[in-house]
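Structure record follows, encoded as structure tokens.
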Amino acid sequence: MIKKAVIPVAGFGTRFLPASKATPKEMLPIIDKPLVQYAVEEAIDSGINEIIFITSPEKHSIKKHFKTNKDLELRLQNTNKEEMIEKLNPKKFSKTKFYYINQYEQNGLGHAVLQAESVIGNNSFAVLLPDDLFISKKSCLDQLIDIFVEKKSCVIAVNKIDENNIHKYGVIKPGQQNQGSIKIDDIVEKPTAEDAPSDMAVCGRYILNPAIFKHLKLTKSDKSGEIQLTDAIRSLLKEEGIYATIYNGEKFDCGSKEGYVHATISLALRDESINKKIKKIIQDIV
Ligand code: G1P
């Protein structure tokens, strides 16, 4: 099954400057948990036990965050705050191996994924983009795994996006559809609304076969100088069937300020320790 996941976290996070100047944007919290931890937990809950961060040398805090901190744990124990220890270092992390691979040049998502090749080897693997926060009964990754089990092919999560925003995403041209899976006939990165082959946009979860690496190596940079994962997927499509599934659940684009605030309000309203107060605050403001 899928045991390895790549989480790209090397980006500059320019949309969140100055907050992201010294703190990686992936470490910005939604309530009390850094954004990247939501993706890590989604992966571990789907049975992943090796997580490969594609990171940059300055982002020490991500590594620190997923390491045990014995001194802090001891202090919590000595001050009768044992319940915090599980929050700090969830048991499920203890069975997970974390890798940190530096991406020295910011050459795009495809280039980031390519850096994981030596650790992935000949295995199918997941890619989770931590900017996209998914909340659903069955996780987005589990929804992809269902299709992967059936098809043994690459699977990509998509969701429907209005035409004003479609240019921000990879977009698929859907082919035959069958019980939740959609055969991908074509895929394009960030088309204009007129050129978009559908309203089905790639959201940040993928399951890929290792054949993608060969195609990533052959993929040329686009006009912005980036090697796009979408372009490598498009090239792989010529050799093997690739499927999409429409994600069933809520999605927050935390790479944008409005999505980040939306996620914060939405999760605060379902956090039992604060939701009543937050509801009152919102009512008072509105
Ligand atoms: C990346 C991908 C794009 C995808 C998007 C999902 O774009 O290149 O195909 O639709 O993630 O969030 P980015 O948001 O990094 O520009």
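The values are calculated or read from the model by the stated rules, or taken from the named source; none is laboratory data. Since the model is a prediction, treat every value here as computed from it, not as a measurement. Heads up, the Cβs are rebuilt from the backbone with ideal geometry, glycines too, and the neighbour counts pull from every protein chain shown.
Quick one: in the stretch 203-261, of everything that is of a type in the set (A, V, I, L, M) and assigned to a loop (DSSP other than H, G, I, E, B), which residue is farthest from GLU105 (Cα to Cα)?
Looking at the filtered set, the residue picked out is LEU237.
Any residue at all in the stretch 142-149 that's polar (S, T, N, Q) and within 15 Å of the ligand (Cβ to nearest atom)?
No; the residues of the stretch 142-149 include none that is polar (S, T, N, Q) and within 15 Å of the ligand (Cβ to nearest atom).
For the stretch 140-187, what are the residues that are out of contact with any Ser or Thr (no Cβ under 7 Å at 6 or more places or on another chain) and of a type in the set (Gly, Ala, Ser)?
SER153, GLY175
Report whether or not ILE85 is modelled with pLDDT of 90 or more and among the hydrophobic types (A, V, I, L, M, F, W, C).
No; evaluated as a whole, the condition is false for this residue.
If you go through the stretch 110-122 one residue at a time, do you hit one that is under 23 Å from ASN209 (Cβ atoms), within 10 Å of the ligand (Cβ to nearest atom) and either modelled with pLDDT of 95 or more or assigned to a strand (DSSP E or B) (or both)?
Yes, because at least one residue in the stretch 110-122 is under 23 Å from ASN209 (Cβ atoms), within 10 Å of the ligand (Cβ to nearest atom) and either modelled with pLDDT of 95 or more or assigned to a strand (DSSP E or B) (or both).
Which numbered condition in (1) away from the ligand (no atom under 16 Å from the Cβ); (2) closer than 30 Å to LYS220 by Cβ is the only one that LEU74 fails?
LEU74 satisfies every listed condition except (2).
With the requirement that a residue be within 12 Å of the ligand (Cβ to nearest atom), out of contact with any strand residue (DSSP E or B) (no Cβ under 6 Å at 6 or more places or on another chain) and touching a residue at least 60 places away in the same chain (Cβ under 8 Å), what does the stretch 6-21 give you?
GLY11, PHE12, ARG15, listed by residue number.
Within the stretch 65-102, can you find the residues that are more than 23 Å from GLU42 (Cα to Cα), part of a loop (DSSP other than H, G, I, E, B) and either in contact with a His (Cβ under 7 Å, 6 or more places away or on another chain) or among the basic types (Lys, Arg) (or both)?
Result: LYS81, single match.
Please go through the stretch 89-108 and give me each residue that is modelled with pLDDT under 85 and surrounded by fewer than 14 Cβ atoms within 10 Å (Cβ to Cβ), ordered by number.
Of everything in the stretch 89-108, just one residue is modelled with pLDDT under 85 and surrounded by fewer than 14 Cβ atoms within 10 Å (Cβ to Cβ), namely LYS91.
Polar (S, T, N, Q), surrounded by 19 or more Cβ atoms within 10 Å (Cβ to Cβ) and in a helix (DSSP H, G or I): does that describe GLN143?
It is true that GLN143 is polar (S, T, N, Q), surrounded by 19 or more Cβ atoms within 10 Å (Cβ to Cβ) and in a helix (DSSP H, G or I).
Looking only at the stretch 25-37, decide whether some residue is over 20 Å from TYR104 (Cβ atoms), assigned to a loop (DSSP other than H, G, I, E, B) and acidic (Asp, Glu).
Scanning the stretch 25-37, I find at least one residue that is over 20 Å from TYR104 (Cβ atoms), assigned to a loop (DSSP other than H, G, I, E, B) and acidic (Asp, Glu), so the answer is yes.
Scanning the stretch 151-177 for residues that are of a type in the set (D, E, K, R) and touching a strand residue (DSSP E or B) at 6+ places or on another chain (Cβ under 7 Å), which turns out farthest from ILE242 (Cα to Cα)?
LYS160
Identify, from the list LYS137, LYS173, LYS183, the residue that is of a type in the set (Lys, Arg), assigned to a loop (DSSP other than H, G, I, E, B) and either touching an Asp or Glu at 6+ places or on another chain (Cβ under 7 Å) or touching a residue at least 12 places away in the same chain (Cβ under 8 Å) (or both).
Residue meeting the stated conditions: LYS137.
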